[in-house]
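J.: Here you go, one structure.
The values are calculated or read from the model by the stated rules, or taken from the named source; none is laboratory data. Remember, it's a predicted structure, so these values are computed and weren't measured experimentally. Here the Cβ is made from the backbone with ideal geometry for all residues, glycine too, and neighbour counts use every protein chain on show. These accessible areas exclude ligands, DNA and RNA; they are computed on the full protein's heavy atoms, side chains included. Shrake-Rupley method; radii C 1.70, N 1.55, O 1.52, S 1.80 Å.
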Amino acid sequence: MKRILSFWKRGDSFILITAGGLLFSIFMVVLIVGIIMVKGLGFFWPSDIELFQLKNGERFLGQVWDTEQARLTDKNGKVRIVNQTNIKIGNRDIYGRDFVWINNDDIVKKSTPKNGVEFERWEYGNMYGFIKSFTPVSSKDRINKDNFFSEAQKSLKKALALKSQIEEKQNAINKLLTPLSKLQTEISLSEINKTRSKAEIENLRKQEEGIKNSISAKLELLQSELLKLKEENAGIKMTIVTADGKSVTLPLYKFVRFFRPNQMSVMEKAGFYLTKVWEFLTEDPRESNTEGGVFPAIFGTVLMVILMSIAVVPFGVLAALYLNEYAKQGFIVRMIRLAIANLAGVPSIVFGIFGLGFFVYILGGTIDRLFFSSTLPEPTFGTGGILWASLTLALLTLPVVVVATEEGILAVPKANKEGSLALGSTKWQMIRKIVLPNAMPGILTGVILAISRGAGEVAPLMITGVVKLAPSLPLDGTFPFIHLERKFMHLGFHIYDVGFQSPNVEAALPMVYTTALLLIVIVVALNLLAIYMRNNLKKKYKTSTF
Amino acid sequence: MNVDIGNAVRKNEEAETSEERIVLETKDLNFYYTPEVKTLKNINISIPEKKVTAFIGPSGCGKSTLLRCFNRMNDLIPGVKLEGKIEIDGQDIYSPEVNLEDLRKKVGMVFQKSNPFPMDIWENVAFGPKVNGVTDKVELEELVVSSLKQADLWREVKDRLKTSALDLSGGQQQRLCIARALANKPEIILMDEPASALDPISTNKIEETIEELRANYTIIIVTHNMQQAARVSDYTAFLMTGDLVEFNSTSTLFTNPDEKLTEDYITGRFG
Ligand SMILES: Nc1ncnc2c1ncn2[C@@H]1O[C@H](COP(=O)(O)OP(=O)(O)OP(=O)(O)O)[C@@H](O)[C@H]1O
Ligand SMILES: [Mg+2]
């Protein structure tokens, strides 16, 4: 008994317990990051295409996705355990499904055909098959066995070049039509709302006619060119044979790329991998976010975090300054401190609802009525947007900034503050020249914490401006360049959307891990930036060591 | 405690005889940190211009408190109360029309613990003039150089004016704080135990600096070190538990005090 008592007294057990706690935390972090990395990083690696022949004569071509043990009950009620393989067979438009589970026992033959081709398409997911023929770019008789595949690639290049030409033409036409459609909406709006007199509307109609006449020649030319391009592109085709011998002919512009993973060396695969990663980081999503890149989401996340920081830092710092330097310390200030600290514990969705009610409906609605009344009832600011989402998050992270700044201010030596005042500085001069620079590391700690908290929030964003697919970035080349009213994409929401809302969850799952990994990387990068800034400042303002 | 004051007294004798102007005067000064506790009791003291006045007394008797009344640093502490008057050049410094910043510019202060700002040396010295509205580059430069020279620091730092003040030694930091106060061209300099945290050599340096400043500034210095008081000051005030026990020329106070209490204190019978 005594021994046990002294054991507790010495506290040896607490060393073990605390060490255990630390170990557990580290283990969990490593586990989370590890799983995400393993599952996320492999996504872009071009794995081999395999051909499976089954007992019942079925043939499947595709990539092994998953293996699993399953318990099957046969006719006699006997349970047996079988190994199953999930194969991504693609060709959704032909088979109606992307994946197939097969029993390993049923496999008669398994091979990796050298000329199995994986096709990436803009729509309908991947295709797996063999190339039978294609429309060549150069003369037909130049194609032989050796250059067959590279010639096919050339045709693809041609088709894609035509595709972008077509897009350009389409844009030109749209641009030409913009003034006309603007005028037309104005006319119909004023007809509905009765904001204009008959004569005025008549006048507008004349203008409409004038515009129509002035652009008609050019429009016709563009449209005929567009038609010609489209016809030409539709003529570049490829015929593909699937594993079960069906042949399909598709225009080549439907493909993003095609390649033969079974013939690629490790180096080639690595190069391909990097291309895919680059595409992931820089391109728009396709296929309801399950393919392509996440650039708009990266952009939205970073811009939102920056806007949030811009909003939260001045407010947080001013509040902390007032609380510490000006307010008379006492009951009220203590209550305010308590309230701020408690604000940090409010569930984020509550902030979201507040953001929706206050920022979007009240503020946004008022702005619309005052400045954008011509476009009503179509809201401009009176609907979710990146500005409102950032402000909501700023509110959410305000307590963190206030508390950290207060700590920074409290750490400023009293002797320095007195020294400044004794030299005849006003209080404000003291704050500006002594307190703020010295509290800078504390302020930046607050920013770091705010970024960590803000970048990972999803719930409040879902009702204040995040969307599955934003038509345009909040920052672009058209005046006024930054469009704070626009909806935006966010990596956190992207994860949720791809993982749980997409029509093809199975295929999208790796994308979820990859996106999660990216979000972690971005949060860490933003934090490192702030930490780097803080360390620089710390060096500059190291406090007196007397 | 044995006080060797012979030299110091002889040196200061002639000062006593000349005509003196009173620059700072307190009238029935009472000071409270809390309503119940009177920290300073009925202080009447007249500080002569361009002399060194020392405040001595046992710890906690109110020397610092009295000193901090002179530049109103006590205003920063919530809940304090002051009764009576403090006049500088005949002007009541607690009257509403007094500008606090101007007062503190006129009455400089050097703290017990040196408190250089975390900036470079040049910026430290230029801080006072800058916050008081000096913008002219040449003038600032001149002020910085002359202040550093007066504080006897110029030779040591002239090649490193742009390095951090925090890299200076303790004694240099304290002289920097003196230079910083001088850059405001004050009339009165308050020093609260400026050398108590320093080694003997640095202390010596500070005393030399005071020696050089005495011709142009009124200096009030709080010290625990009675030899120091005897060495540097012309007048000495002895305070005890908030009372001004005796205020006399340093030579009189140390050789032939009027009060029994003073004698007990300087001969080390208590304190
Ligand atoms: N901010 C304060 N609030 C309340 N009481 C204080 C405060 N500062 C000082 N006192 C009290 O006032 C009395 C005088 O303090 P003061 O600092 O003036 O003494 P001192 O003579 O300078 O002592 P020392 O020689 O130790 O520096 C002390 O009893 C002290 O406890
Ligand atoms: Mg003191």
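J.: Quick check: anything in region B:155-165 within 11 Å of another protein chain (Cβ to nearest Cβ), modelled with pLDDT under 95 and within 28 Å of A:Leu537 (Cα to Cα)?
T.: Yes.
J.: Considering only residues that are of a type outside the set (Ser, Thr, Tyr) and open to solvent by less than 20 Å² (accessible area, probe 1.4 Å), which ones fall in region A:383-398?
T.: A:Gly384, A:Gly385, A:Ile386, A:Trp388, A:Ala389, A:Leu393, A:Ala394, A:Leu396
J.: Can you tell me which residue among B:Pro96, B:Pro118 is more than 16 Å from ligand 2 (Cβ to nearest atom) and within 11 Å of another protein chain (Cβ to nearest Cβ)?
T.: Result of the check over B:Pro96, B:Pro118: B:Pro118.
J.: Return the pair list, or none, for Cβ contacts closer than 7 Å from residues in region A:334-362 that are closer than 18 Å to A:Ala450 by Cβ to residues that are small (Gly, Ala, Ser) and open to solvent by less than 40 Å² (accessible area, probe 1.4 Å), at least 6 apart or on different chains.
T.: Within 7 Å, the pairs are A:Ser348/A:Ala459; A:Gly352/A:Ala459.
J.: What tally of residues in region B:29-50 results from selecting those that are open to solvent by less than 30 Å² (accessible area, probe 1.4 Å) and either within 15 Å of ligand 2 (Cβ to nearest atom) or among the charged types (D, E, K, R) (or both)?
T.: 3
J.: Condition first: open to solvent by less than 10 Å² (accessible area, probe 1.4 Å) and out of contact with any Asp or Glu (no Cβ under 9 Å at 6 or more places or on another chain). Now tell me which residues in region B:152-178 satisfy that.
T.: Passing the criteria: B:Leu153, B:Val157, B:Gln173, B:Gln174, B:Leu176, B:Cys177.
J.: So which residues in region A:279-323 are without any contact (Cβ under 8 Å) to a residue 60 or more places away in the chain and of a type in the set (S, T, N, Q), if there are any at all?
T.: Selection gives A:Thr282 alone.
J.: Does A:Gly499 satisfy being free of Cβ contacts under 8 Å to residues at least 60 places away in the same chain, in a loop (DSSP other than H, G, I, E, B) and not acidic (Asp, Glu)? First the steps, then the outcome.
T.: Numbers: free of Cβ contacts under 8 Å to residues at least 60 places away in the same chain: yes; in a loop (DSSP other than H, G, I, E, B): no; not acidic (Asp, Glu): yes.
The answer is no for A:Gly499.
J.: Looking at A:Leu421, A:Leu461 in this structure, which one is open to solvent by less than 50 Å² (accessible area, probe 1.4 Å), without any contact (Cβ under 8 Å) to a residue 24 or more places away in the chain and either assigned to a helix (DSSP H, G or I) or not acidic (Asp, Glu) (or both)?
T.: Details: A:Leu461 fails: without any contact (Cβ under 8 Å) to a residue 24 or more places away in the chain.
Answer to the check: A:Leu421.
J.: Which of the numbered conditions does B:Glu25 fail, given that it passes all the others? Conditions: (1) in contact with a strand residue (DSSP E or B) (Cβ under 7 Å, 6 or more places away or on another chain); (2) at pLDDT below 90.
T.: (2)
J.: May I pose another question? Which of the residues belonging to region A:45-64 are surrounded by fewer than 18 Cβ atoms within 10 Å (Cβ to Cβ) and among the aromatic types (Phe, Trp, Tyr)?
T.: A:Trp45
J.: Does any residue of region B:39-48 turn out to be closer than 19 Å to B:Val245 by Cα, within 16 Å of ligand 1 (Cβ to nearest atom) and hydroxyl-bearing (Ser, Thr, Tyr)? Let's see the steps before the verdict.
T.: The first filter runs over region B:39-48 and keeps only residues closer than 19 Å to B:Val245 by Cα, leaving B:39-48.
Filter again for within 16 Å of ligand 1 (Cβ to nearest atom), leaving B:39-43, B:45.
From what's left, hydroxyl-bearing (Ser, Thr, Tyr): B:39.
For region B:39-48, residues closer than 19 Å to B:Val245 by Cα, within 16 Å of ligand 1 (Cβ to nearest atom) and hydroxyl-bearing (Ser, Thr, Tyr): present.
J.: Could you pull out every one of the strands (runs of 3 or more DSSP E) wholly within region A:202-302 that has 3 or more residues that are over 31 Å from the mean Cα position of the chain (by Cα)?
T.: Counting at least 3 such residues, we get A:237-241, A:247-251.
J.: I'd like the full set of residues that are exposed (fewer than 14 other Cβ atoms within 10 Å of the Cβ) and at negative phi, limited to region A:245-267.
T.: First, pick out the residues of region A:245-267 that are exposed (fewer than 14 other Cβ atoms within 10 Å of the Cβ): A:245-247, A:249, A:265-267.
Result: A:Lys246, A:Ser247, A:Thr249, A:Ser265, A:Val266, A:Met267.
J.: Please find, within region B:124-144, the residue that is nearest to the chain's Cα centre (by Cα) out of those that are touching a residue at least 12 places away in the same chain (Cβ under 8 Å) and surrounded by fewer than 20 Cβ atoms within 10 Å (Cβ to Cβ).
T.: B:Asn132
J.: Just give me the residues in region A:162-201 being touching a residue at least 40 places away in the same chain (Cβ under 8 Å), of a type in the set (S, T, N, Q) and either out of contact with any Leu (no Cβ under 6 Å at 6 or more places or on another chain) or not in a helix (DSSP H, G or I) (or both), in sequence order.
T.: A:Gln170, the sole residue that qualifies.
J.: Here is a follow-up. For region B:72-88, which residues satisfy the criterion of being more than 8 Å from chain A (Cβ to nearest Cβ) and closer than 23 Å to B:Ile178 by Cα?
T.: Hits for region B:72-88 are B:Arg72, B:Asn74, B:Asp75, B:Ile88.
J.: Sort through A:Thr18, A:Thr112, A:Thr67 and tell me the only one that's among the hydroxyl-bearing types (Ser, Thr, Tyr), loosely packed, with under 13 Cβ neighbours inside 10 Å and in contact (Cβ under 8 Å) with a residue 40 or more places away in the chain.
T.: A:Thr112
J.: Now for a different question. Residues being within 14 Å of ligand 2 (Cβ to nearest atom), more than 20 Å from B:Ile219 (Cβ to Cβ) and open to solvent by 30 Å² or more (accessible area, probe 1.4 Å): count how many of those fall in region B:51-76.
T.: Residues in region B:51-76 being within 14 Å of ligand 2 (Cβ to nearest atom), more than 20 Å from B:Ile219 (Cβ to Cβ) and open to solvent by 30 Å² or more (accessible area, probe 1.4 Å): 2 in total.
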